[in-house]
Structures are given as C-alpha cells and as structure tokens.
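We did not get these values from a lab; they are worked out from the coordinates using the rules stated. All values derive from a computational prediction rather than experimental measurement. All Cβ positions, glycine included, derive from the backbone under ideal geometry; neighbour counts span all protein chains shown.
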Amino acid sequence: MREPVEAIQRYVLHPDHNGLHLRQLAERMAQSEAPEGAGAAPQGKQSVERAAELLARFIYLVWGTSDPDEYAPWTYEMLIGLQRRMRGMEPHDAWDYALAAQSGDILLRLRKAQRITIDPEMETALFHSFFDSLAEHEYLHDVAQRIMDLHWQRRHGPGAITTEEIDRGTGSDKPRGDPEIEKHLERLAKEGLATYIEQANIGWGNIDNPTDPKVLLRDRIELQLTLGGKNAQTWEESAWRIADVIERRFGTRAARTKAREARAGWTAVS
C-alpha cells in the first residue's frame, strides 16, 4: 500500500493547475486538529506533509490506484458541491467554507473508518443478495454477472494473458459453464463487489453501515446522469462500467486483501 499512497501524496504536495485544490485541501486539513492516534499535530511543512498523507490514504481507499485524472476531478466536484450550498456568499468565502467542510469530513471518516469491523453475518447476507431471486436486488445481480463475464474474458477466456486465481488442479482450459469455473467466477464477483460496496460506503460517508448495498444503486444512478440521463441504454452501460471498475481494481485476491487492509492503516504511518 505504501507506494501508491506516496505517489498520491507527491501529487497532492506538488500538483499542477488541475490538482491545486488537493494542495489547498491538505493545507486546510493541516490546520485542523490532529486525527485520533496521530499524536501531537506537527507544525509548518511537516504538518502539511502529514495532512497530504492522510488525504492520500483517503483517496487510495476510495479510488484505489486510479490516476489523478480520475480522483482529482471527483474531489474537485465534491468541493464545488459544497461551495454551491453557500448561496449569497462571496465565491472566495464559499470556497473557504468548502475546504473547511471537506477537510473536517475526511478527518472524521479517517477516525471512524479505522475502527470499522465488518460483521461476518452482515457480509454473508450481502453476498447472498448478489445472486438471490429478490427483484429489489436486480441492480446488484446484473453487475455481478458482468464482473464474471469481464473476469473470464480478461483472465481465463481465449487469448487471456493470465489464469490467475484458478485453483491448482482446476485447469485453465475448462470452458465457461464448467461448474468449477462458474463457482470461481461467482466467488470472485461476490468478494470484489462486497469490497467495492464497503469502500463506496466509506467514500460517501455511510461509515456506520459499510455493507449497505444501496450505495451501488446510488453510484449507478449518478453514472447514468453523466451518460445522458435515465434510460435503458444508460442503465445497461452503467452496469458494464461499474463491473469494469470492480474487475480491474479487485480482480485478484491480493488486490482485495490490500484494499481491506488499507482501512486499518489510515491514521498510522507505515
């Protein structure tokens, strides 16, 4: 985890024009109270560096190893949304409010997320919802199926570069539809989708219920709007796009493990 966090931290501390808001956010976080367990707040340059690391850990958990082209615009949109709330306020003052509100929110999430423990029974119930027969979970079902399809095409299908995570003795030459292959793909979809939901809930601030599957519905609807509005075509496309994100970020056991371990290290310098 250390290497991607340091890469994000470097971008935060030395951004180009497109990343200036992240430097401003780190500076505002540095002015805030030190996070729980971090000890006394350092001063000056050290304070900003420490805040940039905390911001980098937050970005890493929410957006994984994405490039700045992905996480920087999303962070900017979060700040713009807060700025727009302050109608009638001067733009500069509204921006200061957005920086203060966002930095405070991130620090709060860092404190709370470090203490998260996922209830095994809650997670088991979440797993079942991905493939059960309840109509209310259809928005989960099609994403899970598309994760399976994408993983097969990229890692086990004809021309795939790797056969990663097929158990020894299963064999990579078995066709799609083979019970062992389908069981492997279904397990991977469950674990990857559950990891995404937990991280998305933390990213949205729903820390008290990190296994709430409705966060994926929220993400799909937001994605639909960016694709041109709510219709059958954008609904279908949203499933493929989210499945693609999940398969790329959490398509291996090592990636899923690293993502979950990130929570515990948020406020500890490793």
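Miscellaneous remarks
- Cα-based reach from residue 183 at 19 Å (exclusive), listing lysines while leaving out same-chain residues under 8 positions away: 174
- For region 188-203, putting each phi into the Karplus relation 6.51 cos²θ - 1.76 cosθ + 1.60 with θ = phi - 60° gives couplings of 5, 5, 4, 5, x, 5, 5, 5, 4, 5, 4, 5, 5, 4, 5, x Hz, in residue order, rounded to whole numbers and with x for Gly and Pro.
- Sum of side-chain charges, residue 246 neighbourhood, beta-carbon under 13 Å (Lys, Arg +1; Asp, Glu -1): +1
- Bridgeable aspartates and glutamates around residue 45 (alpha carbons under 15 Å apart, same-chain partners fewer than 8 residues away excluded): 27, 53.
- Within the shell defined by Cβ-Cβ distances under 15 Å, the residues around residue 14 carry a net charge of -2, with Lys and Arg each +1 and Asp and Glu each -1.
- Separation of the alpha carbons by more than 24 angstrom is noted, of 190/230; 112/230; 112/258, for 190/230; 112/230.
- Here, region 2-114 is characterised by an Rg to Rh ratio of 0.95, where Rg is the alpha-carbon radius of gyration and Rh the Kirkwood radius.
- Per-residue HN-Hα couplings for region 179-185 [Karplus 6.51, -1.76, 1.60; θ = phi - 60°; Hz; x = Gly/Pro]: x, 5, 5, 5, 5, 4, 5
- For region 82-95, the Karplus equation 6.51 cos²θ - 1.76 cosθ + 1.60, evaluated at θ = phi - 60°, returns couplings of 5, 4, 5, 5, 8, 5, x, 8, 4, x, 5, 5, 5, 5 Hz by residue, with Gly and Pro reported as x.
- Net +/- balance of residues flanking residue 127 in space, Cβ distance below 10 Å, scoring K and R +1, D and E -1: -2
- Close amide H pairs (under 5 Å, H built 1.01 Å from N) link residue 157 with no residue at least 5 positions away or on another chain.
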